[in-house]
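Any read-out appearing in this document is the output of simple, stated calculations on the displayed coordinates, not a laboratory observation. Small disclaimer: the values here were computed from a predicted structure and weren't measured. Every residue, glycine as well, gets a Cβ built from its backbone with ideal geometry; the counts of neighbours run over all protein chains shown.
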């Protein structure tokens with residue numbers, strides 16, 4: 001940020017320190033352009049973010065792109081099989097190299113002047129640059145990249161925070177689903193005209209589900225113990241579900257990171273439902289993985305602030321990526337993953353597979369947009385959360401405020417050990 005906006009950091013810090021616990025944030029946090037730029041600086045350019053899945057780029061040269069604020073990023077499979085990420089910016093005059101959302105290339109070639117890069121980022125060719133030109137110093141700028149359980153994570157910070165805790169603790173939960181051996185059966189990207197924090201607040205509770213999500217509520221329980229943070233161990237339905245899934249070799253118990261940034265747990269669906277369909281029956285006749293023997297595993301719920309929440313079931317997985325487009329605009333990308341050998345029209349139909357979440361996403365879009373319109377009013381003031389239903393929302397807000405305050409104070413001390421809360 002330029003110097004004239006430096007004072008906004010002090011203003012944001014002051015707002016955080018005088019906010020009312022258990023209440024929504026002050027209005028500036030949901031639409032002020034300067035506060036939005038601070039969110040990008042404090043969180044999105046510092047934290048690990050979900051980029052996509054490694055099964056999307058199975059062969060050397062396969063790539064996908066994404067946009068983080070002003071930063072175009074490309075994720076590519078190398079000739080050695082490794083997945084790497086780079087700033088999608090030519091080292092010559094800065095042109096974007098890969099413009100497609102997905103593609104495949106023997107080399108990454110800038111369309112402007114044909115500077116050509118190897119899949120590991122090394123500059124291979126730059127025409128007529130003179131005798132003193134040192135090609136070895138002009139490779140693509142790397143972005144930190146990690147791959148676990150079929151998920152590709154990136155961090156654009158010069159010194160990314162330690163990611164070991166998340167990787168080691170979630171790997172056993174992800175392993176039975178074997179998403180690296182899956183394929184993308186369907187994909188949807190929508191733009192919600194609301195601040196990214198409103199998207200997350202809406203996601204972190206099911207207080208709104210019964211009146212707004214008739215399709216989802218056929219199979220997803222709106223119990224506070226499912227969507228929330230506390231009280232999980234006291235729910236006998238969840239305890240029995242964990243016992244049965246863990247007896248089948250599937251880690252299931254609720255795990256929350258010490259700093260509250262991520263959570264994973266396996267939760268039951270409604271009644272005899274096994275999948276997110278209008279009937280509750282499986283959407284895909286071929287299971288997502290050959291490693292899942294127990295048919296009623298419910299949904300493995302995984303979130304990692306600020307960029308992703310996920311539902312992994314026995315027959316398919318649904319993953320969500322959140323990216324901020326502006327102070328009042330957020331991109332949400334949904335992907336449905338199935339076994340790579342599942343055949344559309346034989347093992348599943350796209351309509352049945354996507355019906356519930358397509359409806360739910362559109363309903364959530366409308367909710368977020370109405371929320372944004374309402375709190376943009378000068379009459380808005382922070383309102384109280386329900387302690388029964390909105391514990392998850394309060395937990396998200398606490399994480400956001402804590403992480404932002406540390407960043408504004410130039411502190412990077414982060415608790416690393418995960419703790420089992422149930």
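Observations, loosely collected:
- Gap separating the Cα centres of the range 316-387 and the range 120-164, nearest whole Å: 32 Å
- Packing around the peptides 237-246, 341-350, taken as the average count of other Cβ atoms within 10 Å per residue, puts them in this order, highest first: 237-246, 341-350.
- Three-way shape call for the range 189-284 based on the alpha-carbon gyration tensor, with the a/c threshold at 1.5: oblate
- Distance in nm between pseudo-label sites at residue 10 and residue 28 (7 Å out along the Cβ direction from Cα): 1.2 nm
- Modelled spin labels at residue 290 and residue 381, positioned 7 Å past Cα toward Cβ, are 6.3 nm from each other.
- Cα-projected label distance for residue 20 with residue 112, points at 7 Å along beta-carbon direction, nm: 5.1 nm
- Estimated FRET transfer efficiency (residue 79, residue 346; beta-carbon r; R0 35 Å; 0.05): 0.55
- Applying 1/(1 + (r/R0)^6) with r as the Cβ-Cβ distance of residue 104 and residue 247 and R0 = 60 angstrom yields a FRET efficiency of 0.90.
- Ordering of 182-188, 95-101, 309-315 by packing is 309-315, 182-188, 95-101, highest average first (other Cβ atoms within 10 Å, averaged per residue).
- Potential extension, residue 369-residue 93 segment - 0.36 nm per residue separation minus Cα distance: 95.5 nm
- Antiparallel content of DSSP bridges confined to the chain, in %, to 5: 100 percent
- Extension gain, residue 37-residue 212: 0.36 nm per intervening residue step, less the Cα-Cα distance, totals 59.8 nm.
- Per-pair calculated FRET efficiency, R0 = 22 Å: residue 237 and residue 388 via Cβ, rounded to 0.05: 0.80
- Relative contact order of the chain: 20 percent, from C-alpha pairs under 8 Å at least 6 residues apart in sequence.
- The range 49-155, Cα convex hull volume normalised per residue, Å³: 93 Å³
- The range 49-155, relative contact order in percent, only Cα pairs under 8 angstrom and at least six apart counted: 28 percent
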